[in-house]
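Have a look at the structure below, then the notes.
Rule-based calculations on the coordinates, nothing more; no lab input. Keep in mind that this is a model prediction, so the values were computed, not measured. Here the Cβ positions follow ideal geometry from the backbone for every residue, glycine too, while neighbour counts run over all protein chains shown.
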Amino acid sequence: MKLLFLGSGAFGVPSLDALASRHEVLAVVTQPDRPAGRGQAITPTPVAAWVRTHRPDLPLFAPPDVNEPQLVARLRLIPADAWVVIAFGQKLSPALVADRFAINLHASLLPRWRGAAPINHAILAGDAETGNSVITIADRMDAGLVLAQSHRTIDPLVTAGELHDQLSADGPALLLDVLERHQAGTLRPRAQDTALVTRAGKFSKADAWTDFAEEADRVRCRIHGLNPWPGVAVAFRNHPLRLLRVRPVPGQAGDAQPGTLVDAPGGVVACGRGTALKLLEVQPNNKRSMTWAEFHNGAQTRPGERLTGGRP
């Protein structure tokens, strides 16, 4: 098939690579190069970087507004059989996609977690399972007809960054299957149940907190769901300490106040309702990430010391 690919984020790169090896990608549309990192160097999107490295022959568009009328007319002249949209970052107007077979790969089991941060919200909510959905493009965000879904169990120790990469790797097979069934005329689109819709809004730096007064598993969900960004930081000895990976442990908190180290060498912290959390990986301010054992050996942590978090 002849394809037009629209994508920006790293989530879509494995799918673009697979599509380019199995089909004819006629052009790629992405977001403009923008400042990134501490030095604010002008940086291409991961999709643009892939094209420039692996397929510099491909026409590459990077418009600030994909719905600009002249560009709409130009893109619609491309003789593609299907448009594939993944983490593009701009809303596509009806004028752009009218009468096109345009599909989107979304990282949730729609209608659950429509929006910008479905992977984070799935972990935050304690979901046992998530997956990918391939849907048609609709005027409302992530509201299209469902063409196919893949499923993945959420490991209790997985972070949002790791789950992002797992779902990204699951995407190519699902997309290739949808395109094959589209060619064969065997797709069976189904509408989403609007009664089951949940929203996955964006996060900001202000969300980088947790509250040890909550039960240990809720704290785990927040720490893993916000790793790597915006992350979760607490105060220890009046310095920020990022919590990267944790595991609830049974029956170790007793009546200790939430946030108290009840086992310093083991990194066990008291949480709400007598639950406890074992700190597995942390990152001190301006230092590399490390295991709790490494941090304890350097800082000589002591039972009874406090990690303070809480809502801002």
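What to note about this one:
- Among complete DSSP H helices in the chain, those whose alpha-carbon atoms stretch at least 15 Å along the helix's long axis and whose mean Kyte-Doolittle hydropathy reaches -1.0 are 160-184.
- Distance between the modelled labels on residue 255 and residue 181, one decimal in nanometres: 5.9 nm (7 Å Cα→Cβ projection).
- Under 5 Å, built H, 5+ apart or other chain: amide partners of residue 144: 138
- Per-residue ³J(HN,Hα) for segment 106-114, Karplus 6.51 cos²θ - 1.76 cosθ + 1.60, θ = phi - 60°, Hz, x for Gly and Pro: 10, 8, 7, 8, 4, x, 6, 6, 6
- Alpha-carbon centroid distance for the pair segment 229-306 / segment 161-204, whole angstrom: 37 Å
- Under 5 Å between amide hydrogens, built in the peptide plane, is the criterion, and for residue 209 it picks out 233 among residues at least 5 positions away or on other chains.
- Figure legend: label point modelled 7 angstrom from the Cα of residue 116 along Cα→Cβ; no residues of segment 12-33 have amide N under 11 Å from it.
- Cβ-based charge dipole, segment 171-215, positive-most Cα from 184, 174, 208: 184
- Net +/- balance of residues flanking residue 41 in space, Cβ distance below 11 Å, scoring K and R +1, D and E -1: +1
- Nonlocal Lys pairs with alpha-carbon distance under 23 Å, the chain (8 or more apart, or different chains): 4
- A dipole drawn for the chain from +1 and -1 charges on Cβ atoms has a positive end, and of 115, 132, 274 the residue lying farthest that way is 274.
- Karplus-derived 3J(HN,Hα), 6.51/-1.76/1.60, for each residue of segment 133-139, Hz, glycine and proline x: 10, 9, 10, 6, 6, 10, 5
- Efficiency of FRET from Cβ geometry, residue 49 and residue 294, R₀ 30 Å, rounded to 0.05: 0.35
- Per-residue 3J(HN,Hα) values for segment 280-286, derived from phi via the Karplus relation 6.51 cos²θ - 1.76 cosθ + 1.60 with θ = phi - 60°, read 9, 9, 9, 9, x, 4, 6 Hz in sequence order (x marks Gly and Pro).
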